[in-house]
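Down below is the structure, laid out as structure tokens.
Quick note: the coordinates plus some simple rules give every number you see, no bench work behind them. Predicted model, so just to flag it, every value in this text is computed and none were measured. Because the Cβ atoms are built from the backbone with ideal geometry, glycine has one as well, and the counts that use them run over all protein chains shown.
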Amino acid sequence: MFKRIAFSVNGKAFNIEVDIRESLLELLRNHLGYTGAKKGCGVGECGACSVLIDGVPFDSCIYLAVWADGKAITTIEGVASKSGELSDVQKAYVDEGAVQCGFCTPGLVLTTTALAESGKEFTREELKRELSGHLCRCTGYQSILKAAEKSLD
Ligand code: FES
Ligand code: FES
């Protein structure tokens, strides 16, 4: 069964019919071409599929596409400027060497972006908690934490 929904991705408006059984991750990757969000676990454990929904990070693998009706979605493709200049958060991840295979990076950058845009201050322990929904098999997390701290400076 299909349902028509209206939403935006990185400011671009969509008004389309979606399969009510499909996840937002499947919609983004398989039908709309936004492949920045990755499928890791597929069950809400790893954060590789994270996107911002009205500015809040969600695991798009366990978020039904129909729930996106009326929402503004931000994917990693929408974070850099239109001319391609990396955002401050992206630059911090590069500068701190927090990107290796890159599979976890889109989700981490989006969650860090949401934290930076909140305007709040976070201790290292609080940052660890905020980023704990993201698993990285490469970096050992120290460089990720440094990049997040730099992003929030
Ligand atoms: Fe969604 Fe792992 S793929 S949380
Ligand atoms: Fe490889 Fe994080 S950089 S999973």
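Per-residue ellipticity at 222 nm, computed for the chain from helices alone with -39500 (n - 2.57) per DSSP H run of at least four residues, works out to -7500 deg cm²/dmol. Taking the longest Cα principal axis of the chain as reference, the axis of helix 105-118 is set at about 80 degrees. Taken about its Cα centre, the chain carries a charge dipole of about 300 debye when Lys and Arg each add +1 at the Cβ and Asp and Glu each add -1 at the Cβ. Given in Å, the Rg to one decimal and the Dmax to the nearest whole number for the Cα atoms of segment 2-77 are 11.0, 30.
Please identify the cysteines of the chain that lack any partner cysteine with a Cβ under 4.7 Å from their own Cβ. Cys with no partner Cβ under 4.7 Å: Cys101, Cys138.
With the simple model of a label 7 Å out from the Cα in the direction of the Cβ, Asn10 to Lys82 spans 1.3 nm. Between Asp54 and Lys120, the FRET efficiency estimated from the beta carbon spacing at R0 = 25 angstrom works out to 0.90. If R0 is 25 Å, the Cβ-Cβ spacing of Val94 and Glu149 corresponds to a FRET efficiency of close to 0.95.
On average, how much area does the Cα convex hull of the chain cover when viewed from any direction, in nm²? In nm², the orientation-averaged hull projection of the chain is 8.7. For the chain, the longest principal axis of the alpha carbon atoms and the long axis of helix 142-152 meet at an angle near 80°.
Across segment 9-23, no residue has a backbone nitrogen under 16 Å from the label position 7 Å along the beta-carbon direction of Thr35. Given the pairs Lys39/Lys91; Lys91/Lys146; Lys12/Lys120; Lys3/Lys39, which are separated by over 21 angstrom at their Cα positions? Those over the limit are Lys39/Lys91; Lys12/Lys120; Lys3/Lys39.
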